[in-house]
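Worksheet: one structure, shown below.
The values are calculated or read from the model by the stated rules, or taken from the named source; none is laboratory data. Quick caveat, the model's predicted, so the values are computed rather than measured. All Cβ positions, glycine included, derive from the backbone under ideal geometry; neighbour counts span all protein chains shown.
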Amino acid sequence: MSTIFIHEVYRMNIPMYFPDLDLLTSWWKSHDIMWERMYGAPEQVVAEGLDPRTSWPDPNENSEESFRFWMKWCDWYVLPHVQLFSSWDDLMTKIHTDDLGAISRRMASANKKSEHELLTTWTGIFDRIKAVSTEAKPSRTTRHKSVSRKVPNGRASSKKRG
């Protein structure tokens with residue numbers, strides 16, 4: 001599960017609290033929440049070279065194994081410094097005792113690191129695209145220096161333009 005809203009709040013360094021995976025799983029089983037994680041019932045296709053006996057559970061399967069496997073990749077379980085709680089009492093205790101300013105500062109530091117990594121990655125990607133497109137395309141001067149055309153006797157001739 002990924003939502004833009006979680007990333008927007010995270011980028012503002014606002015501490016966030018989410019149920020841990022055990023609590024979320026229990027709510028899923030008893031309250032039918034997180035239904036939006038499944039999209040229809042598409043045919044499961046195993047990628048070439050992937051051993052179907054060791055493949056991941058079908059993300060659209062309504063089993064606890066599939067739920068737990070895929071939900072562990074939710075933004076709130078992957079982003080650093082997101083706070084997890086194991087019960088309502090645990091949440092209330094954490095909200096009243098956690099140093100929200102310190103959590104926010106740690107989030108800000110993680111955001112700074114993420115920004116640096118993203119800028120480095122995308123700069124490298126664009127540099128490679130630029131290098132490939134420059135190599136693949138002849139320059140304007142190169143294109144017009146040599147022109148091949150037919151001469152009256154039907155043979156091709158190459159003339160240099162000055």
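Helices (runs of 4 or more DSSP H) fully within segment 60-133 that include at least 1 residues being loosely packed, with under 13 Cβ neighbours inside 10 Å and in contact (Cβ under 8 Å) with a residue 12 or more places away in the chain: 64-71.
Would you please name the residue that is modelled with the lowest pLDDT, looking only at residues in segment 15-45 that are of a type in the set (Ser, Thr, Tyr) and under 16 Å from Asp90 (Cα atoms)? Lay out the reasoning, then the answer.
Going through segment 15-45, the residues of a type in the set (Ser, Thr, Tyr) turn out to be 17, 25-26, 30, 39.
Cutting the leftovers down to under 16 Å from Asp90 (Cα atoms) gives us 17, 26.
Working: Tyr17: 98, Ser26: 95.
Step by step, filter segment 15-45, then rank; the result is Ser26.
Of all residues in segment 8-20, which are out of contact with any strand residue (DSSP E or B) (no Cβ under 8 Å at 6 or more places or on another chain) and surrounded by 13 or more Cβ atoms within 10 Å (Cβ to Cβ)?
First pass over segment 8-20, keeping only residues out of contact with any strand residue (DSSP E or B) (no Cβ under 8 Å at 6 or more places or on another chain): 8-14.
Result: Val9, Tyr10, Arg11, Asn13.
Scan segment 87-115 for residues that are of a type outside the set (A, V, I, L, M) and more than 22 Å from Thr3 (Cα to Cα) and the total you get is 12.
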